[in-house]
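Student: The structure follows.
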Amino acid sequence: MPSRRDFLKGTGAFAAGSAILGPAHASDVTQRAIEAGKELMREFGVTDKTDRKDRKPAHVVVVGGGFGGATAAKYIRMWSDGTVKVTLVERNAQFVSCPISNLVIGGVKNIEDISAGYDNLQKQWGIEVITDSVIGIDPNTREIRLARGDTLKYDRAVLSPGVDFMPDMVEGLTGNEHLVPHAWKAGAQTVLLRSQLETMPDGGVYAMHIPLAPFRCPPGPYERASLIANYFKQHKPKSKVLILDSNPDIQSKKGLFTKAWEANYPGMIEYRANSRLMAVDAATRTAELEFSTVKADVLNVVPPMRAGRLVDFLGVDLANDRWVEVNFQTLEVKGVPGVHVLGDATLSAPGMPKSGHMANQHAKVAAAAIVEMLAGRSPNPTPVVMNTCYSFTDEKTGIHVASVHQWDNEKRTLLPVQGAGGISAAGSSLEGRHALNWARNIWADMLT
């Protein structure tokens, strides 16, 4: 079974300097990144640069600067020894981390603690970073059009668009996210939900609705409920947390969450399964469920979700009208040569969660494949990826679930490795420290 060190190594773990990572000398950071990258080259099947033949100049355009896109941009540049030009297009000037954002909502951290810029990718790796939105992709001419009017030609494109929401599936939700926040994309919505909780009177009700799976970060809703209950326990002890779950049961770490709720928040958290949401009245914070109506002081609806709409430019049919089908040996889109899609936007392989760590792993598989294919070689035919999802049940106590996924040549996909990974025996403050270290390491891996 892989050790915790193996999982951290899978992110390219090292200390680094940025607003969210703590101070470090830039040259030291880059050198540690290079050393970690060399070790990962072998694991992801990249030919050592000393054995490479001269290659023609190539340009890779990466769209989306999250856990998948930023990682892919950096590793393509690193593993090609700087010979592949990489352009990263991201509409936001700063990265804001979804993992750890529930600690902001729970009042444990501030939004600045989970935010960072893209300066190091430009300065240390020579990546061109463009702050703009994509308004068109032509896979035939291999061109990407930007809102400001520029057109980028590419040899290969990497899209990491995350998810977009489908609020129209819930009557009354569209256009009312300022009253009924989702806070499922970290940033302004995170701050909004935190503000609503702060102004809610003691004795009030916070209600969260969870969509049917699959959704981004399976443990995330239950972690959020835990941390909001933790805040209420300390500052609004008469208040209540109501979880309205469309699913028949808790989707991740059920035993660990329910044990924490019973021990730490008796009578404060109520969980209701099979709670299908039909409509909301945003003005009164009322949720109309299939068989009942709930009125809350703070109503937090996580809408149904799909692949980021950027993928619609590819003109391919989406699985279940929501997700992009890819070849997990390369993350190349089925039916669209030269375009790779990463992370939450993909139709997940069996047992594969939609998580920041998995997007990071997708990025490295894709980066390795792209570097090899641009050099005229075949990519690694048997990739292996790892995932760890940490959650907090209070401001210090952490829990985790981990898995390993290996290519199965017969089924032509990645499958979970039986007996690898695992789940916490119990929550602990040590696990909480591991969770924060995991976050710092993966932020460093993608941004420095």
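Student: Tilt of helix 69-79 relative to the longest C-alpha principal axis of the chain, in degrees (0 to 90, nearest 10)?
Tutor: Result, in degrees: 30.
Student: Helix 188-199 versus the longest principal axis of the chain: what is the Cα-based angle in degrees, 0 to 90, to the nearest 10?
Tutor: Long axis of 188-199 versus the principal axis of the chain: about 20 degrees.
Student: If you don't mind, another one. Would you kindly calculate the translational diffusion coefficient of the chain, applying Stokes-Einstein with the Kirkwood radius from alpha carbon pairs, for 37 °C and a viscosity of 0.692 mPa s, and quote it in µm² s⁻¹ without decimals?
Tutor: Values: Rh = 22.4 Å.
For these conditions, the coefficient is 147 µm²/s.
Student: Something else: Given 5 Å bins starting at zero, what is the percent of C-alpha pairs of segment 167-303 in each, up to the one with the largest pair distance?
Tutor: 2, 10, 22, 25, 23, 14, 4, 0
Student: OK, next. Sort V205, V163 so the one with the fewest other Cβ atoms within 10 Å of its own Cβ comes first.
Tutor: Values: V205 17, V163 24.
Listed from fewest to most nearby Cβ atoms, that is V205, V163.
Student: Which ³J(HN,Hα) values, rounded to whole Hz and listed in residue order, are derived for segment 58-68 from phi using the Karplus coefficients 6.51, -1.76 and 1.60 in 6.51 cos²θ - 1.76 cosθ + 1.60 with θ = phi - 60°, glycine and proline given as x?
Tutor: For segment 58-68, the Karplus-derived couplings read 9, 10, 10, 9, 10, 10, x, x, x, 4, x Hz, x marking Gly and Pro.
Student: To the nearest 10 degrees, how steep is helix 220-235 against the longest Cα principal axis of the chain, on a 0 to 90 scale?
Tutor: With rounding to tens, the tilt is 50 degrees.
Student: Here is a further query. Residue by residue through segment 415-426, what is 3J(HN,Hα) from phi via Karplus (6.51 cos²θ - 1.76 cosθ + 1.60, θ = phi - 60°)? Round to whole Hz and write x for glycine and proline.
Tutor: 10, x, 8, 5, x, 9, x, x, 9, 4, 5, 6
Student: Roughly speaking, what % of Cα-Cα pairs in segment 222-351 are separated by over 24 Å, rounded to a whole number?
Tutor: For segment 222-351, the share of Cα pairs beyond 24 Å comes to 50 percent.
Student: For segment 167-303, give me the percentage of DSSP beta bridges that are antiparallel, rounded to the nearest 5 percent. Don't jump to the answer; show the numbers that get you there.
Tutor: On the way: 7 of 22 bridges.
Percentage antiparallel, nearest 5: 30.
Student: Restricting to the chain, what percent of DSSP beta bridges are antiparallel, rounded to 5? Present the calculation step by step, with values, prior to reporting the outcome.
Tutor: On the way: 41 of 74 bridges.
The antiparallel proportion sits near 55 percent.
Student: Report, in deg cm²/dmol and to the nearest 500, the calculated mean residue ellipticity at 222 nm for the chain, where each DSSP H run with n ≥ 4 adds -39500 (n - 2.57) and the sum is divided by the residue count. Write out the running numbers ahead of the final one.
Tutor: Values: 10 runs with 124 residues, N = 448.
Dividing the helical sum by the residues of the chain leaves -8500 deg cm²/dmol.
Throughout, read-outs are computed from the coordinates displayed, never taken from laboratory work. All values derive from a computational prediction rather than experimental measurement. A quick note on method: Cβ atoms are made from the backbone with ideal geometry, for glycine too, and the neighbour counts reach across all protein chains shown.
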